[in-house]
Amino acid sequence: MYNLPPQCNINKPLYKKAVFEKFNLKAAERDRFDADISRMSLIARISPTTVPALSEGQEVKGFYVLQVVLKRKDYDSKNIIMLQKLIPQKMVFAMQHEEQTQFCIFHTRLQQSAWMQTDEAAITLQGLMLDDVWNNIVATIGGLDAQAEESIEEQIIHREQREKLLRQIESLEKQCRNEKQTRKKYELHQKLQELKLKIKQV
């Protein structure tokens, strides 16, 4: 599945009830989780044992692929972040809704791919060491450049800063359009120029 070598395949269901009981989730967390997720299963393990051509990295010794069958496409990403916190393993999440799949991976922040047809969804194992393989998967899912001078972590942080500035610019532009007082409008315009200058530097 997902174009991974057959020897990586496992089939280990992860039952919601077991997750609820093991981690003693609050009622609100259970309800939120249950509203989004139908069932889960660990479907692949990538390690030097299952892919002998790969060697252990300094950071990554192996990782799993967890398939999550969704009840709705617009799921709450807090559920994925919670799962990642509860299960102390490196994981690629394959979020499946009907005939579509979205990959998610947590690396500094939650990274999410675009939705794609499930039969076209693939996880590419690019690299000889698992650190490189992991970074390349993060880059692919997050729309980042694994070959850039900036590290993956730096790219994620800079993108987050840029997105925050863009939201602030959008908010100020709206305030500018609605402001009637000339002096206040001028002050907002000055702040807007400062933010536009900042965004060029990120």
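Yes or no, residue by residue, for (1) under 21 Å from I80 (Cβ atoms); (2) free of Cβ contacts under 8 Å to residues at least 12 places away in the same chain:
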| site | (1), (2) |
| --- | --- |
| W115 | yes, no |
| D145 | no, yes |
| E150 | no, yes |
| L165 | no, no |
| Q175 | no, no |
| L192 | no, no |
Per the list (1) at pLDDT below 95; (2) over 30 Å from E21 (Cα atoms), residue check on Q84 breaks on (2)
For Y2: the one exception among (1) open to solvent by 40 Å² or more (accessible area, probe 1.4 Å); (2) out of contact with any helix residue (DSSP H, G or I) (no Cβ under 7 Å at 6 or more places or on another chain) = (1)
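Looking at I10, I46, I37, which is the one that is open to solvent by less than 30 Å² (accessible area, probe 1.4 Å), β-branched (V, I, T), touching a strand residue (DSSP E or B) at 6+ places or on another chain (Cβ under 9 Å) and under 30 Å from G127 (Cβ atoms)? Walk me through it before giving the result.
Details: I10 fails: open to solvent by less than 30 Å² (accessible area, probe 1.4 Å); I37 fails: under 30 Å from G127 (Cβ atoms).
Of I10, I46, I37, the one residue that is open to solvent by less than 30 Å² (accessible area, probe 1.4 Å), β-branched (V, I, T), touching a strand residue (DSSP E or B) at 6+ places or on another chain (Cβ under 9 Å) and under 30 Å from G127 (Cβ atoms) is I46.
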Of the criteria (1) touching a Ser or Thr at 6+ places or on another chain (Cβ under 6 Å); (2) surrounded by 14 or more Cβ atoms within 10 Å (Cβ to Cβ), which one E99 fails | (2)
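Hey, does segment 82-98 have a residue that's among the acidic types (D, E) and on the phi < 0 side of the Ramachandran plot? Explain how you work it out, then say what you get.
As a first pass, look at segment 82-98 and keep what is among the acidic types (D, E): 98.
If we keep only those that are on the phi < 0 side of the Ramachandran plot too, we end up with none.
Among the residues of segment 82-98, not one is among the acidic types (D, E) and on the phi < 0 side of the Ramachandran plot, which makes the answer no.
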Do you know which residues across segment 39-62 are hydroxyl-bearing (S, T, Y), assigned to a strand (DSSP E or B) and within 18 Å of I87 (Cβ to Cβ)?
-> S41
Output the number of the condition that L25 fails; it satisfies all remaining conditions of (1) modelled with pLDDT of 95 or more; (2) in a loop (DSSP other than H, G, I, E, B).
-> (1)
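Would you confirm whether any residue within segment 61-72 is open to solvent by 40 Å² or more (accessible area, probe 1.4 Å) and within 15 Å of F93 (Cα to Cα)?
Kept after step one, since they are open to solvent by 40 Å² or more (accessible area, probe 1.4 Å), are these residues of segment 61-72: 61, 64, 71-72.
From what's left, within 15 Å of F93 (Cα to Cα): 64.
Checked segment 61-72: at least one residue is open to solvent by 40 Å² or more (accessible area, probe 1.4 Å) and within 15 Å of F93 (Cα to Cα).
The values are calculated or read from the model by the stated rules, or taken from the named source; none is laboratory data. What you see is a predicted model; the values in this text were computed from it and never measured. With ideal geometry, Cβ positions are generated from the backbone for all residues, glycine too; neighbour counts draw on all protein chains shown. Only protein heavy atoms, including side chains, enter the accessible area calculation; ligands, DNA and RNA are left aside. Shrake-Rupley method; radii C 1.70, N 1.55, O 1.52, S 1.80 Å.
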